[in-house]
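Contents: one structure, followed by commentary.
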Amino acid sequence: MAPRPRNAPQLDDASKAIIEQLQQDGRRPYATIGKAVGLSEAAVRQRVQKMYDTGVMQIVAVTDPAQVGFNRSAMIAITVHGDVEAVAQELEKLPEIDYLVVVAGKYDILAECVTIDDEQLLHLTNTQVRSIPGVASTETFVYLKLRKQTYTWGTK
């Protein structure tokens, strides 16, 4: 994991416990969380809102893309000549890309995407990604089956 930015909020044990409760069940009522962590419902609500507002956490519905009409998921590994950050900034604009990381190793960037079908994936890689200045090459890893997807790593 990336080191925490210097301006990132410090989390106390109660806030960490709230995060862990929500990672187990994002729909868990604040009153239930409050009982588990020793705070009132209002205090939990206030802390959750603050963590949301400061970007510490997001509250979203996570789906299996294939179950909601996106029949092709893939990871695109990208090699860059030149400014990696400039290429990443352009990739961020593509709505099909849902996860984007700058990495060390054989590739410079990994971009996860979900598309309706192979035709849309081909268009994304061939027309959109490869046309970005600085993209030297791509390698696409097509997902055949989603076996595990969790967000319950807790807090430190």
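Averaging the sequence gap over all C-alpha pairs within less than 8 Å and six or more residues apart, then dividing by the number of residues, gives the stretch 13-53 a relative contact order of 37 percent. Per-residue Cβ neighbour counts within 10 Å put Ile97, Ile78 in the sequence Ile97, Ile78, beginning with the fewest.
Roughly how big is the stretch 65-142's charge dipole about its Cα centre, with Cβ charges of +1 (Lys, Arg) and -1 (Asp, Glu), in debye to the nearest 20? Intermediate results must be reported in sequence, preceding the final value.
Numbers: 4 positive and 12 negative charges, 23 e Å.
So the magnitude is around 120 debye.
The Cα-based radius of gyration of the stretch 1-154, divided by its Kirkwood radius, gives an Rg/Rh of 1.06.
Sorted into 10 angstrom bins from 0, the C-alpha pair distances of the stretch 13-53 split as 35, 64, 1 percent.
Near Ser137: Cβ cut-off under 14 Å, other residues only, Lys/Arg at +1 and Asp/Glu at -1. The net charge is 0.
To the nearest 500 deg cm²/dmol, what mean residue ellipticity at 222 nm is calculated for the chain from DSSP H runs of n ≥ 4 alone, each contributing -39,500 (n - 2.57), summed and divided by the residues?
Working: 5 runs with 47 residues, N = 156.
The helix-only estimate for the chain comes to -8500 deg cm²/dmol at 222 nm.
Within a straight-line Cα-Cα reach of under 17 Å, Lys16 can be paired with the following aspartates and glutamates, leaving aside sequence neighbours fewer than 8 residues apart in one chain: Asp25, Glu41, Asp53.
For the stretch 116-144 versus the stretch 39-113, the spacing of their alpha-carbon centroids is 17 Å. Within the shell of other residues whose beta carbon sits under 15 angstrom from the beta carbon of His81, the net charge comes to -2, with Lys and Arg scored +1 and Asp and Glu -1. Here the Debye sum runs over all C-alpha atoms of the stretch 65-142 as equal scatterers in vacuum, and log10 of I(q)/I(0) at q = 0.21, 0.22, 0.27 Å⁻¹ comes out as -0.86, -0.94, -1.36. When you restrict to C-alpha pairs under 8 Å that are six or more residues apart and normalise by the size of the chain, the relative contact order lands at 25 percent.
Remark: relative contact order (the stretch 65-142) = 45 percent; criterion is Cα-Cα distance under 8 angstrom and separation of 6 or more residues.
Every read-out reported here was derived from the displayed coordinates using simple, explicitly stated rules and does not represent laboratory data. None of the values given here were measured: they were computed from a predicted structure. Glycine gets a Cβ as well: all are built from the backbone with ideal geometry, and neighbour counts include every protein chain shown.
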